[in-house]
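The numbers here are math on the coordinates, done by the rules we state, and not lab data. The structure displayed is predicted, hence computed values, not measured ones. Backbone-built Cβ (ideal geometry, glycine too); neighbour counts: all protein chains shown.
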Amino acid sequence: MRKKTLDQFYEEYACDVYRYLFSLGRNHNIAEDIVQETFYRAYLHIEGLSDEKIEPWIFRVAYNIFIDQKRKTQRETLTESGYFEQQANRVASVEDNVIQKERI
């Protein structure tokens, strides 16, 4: 494979990646999940990288996964909270206000 195996990279960077992710999200479970996803992606794509470029690449992959996870969670929260229904009701009430003002 390379000078270092994926296991060696995992041992070397997993704790640092975990701490980084935990500092971003303050959630132990999410940080652990993203560490696993990060090294899974590293397993799939590490062959094309030189040893010097692996560390910043791993952290960038971890950050991108974190952002994707955060966006997904926000979308689910908006959908579950009835945000769109609230906006539809708000638009309807604005239209009612305009109609009432026109009658006056």
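Calculated FRET efficiency, SER23 to LEU44, Cβ-Cβ distance, R0 = 25 Å: about 0.45 to the nearest 0.05. Annotation: extensible slack from ASP68 through ASP51 equals 3.5 nm (criterion: 0.36 nm per residue apart, minus Cα-Cα distance).
Along each principal axis, taking the top coordinate minus the bottom one, the Cα set of the range 11-77 gives 40, 20, 15 Å in descending order.
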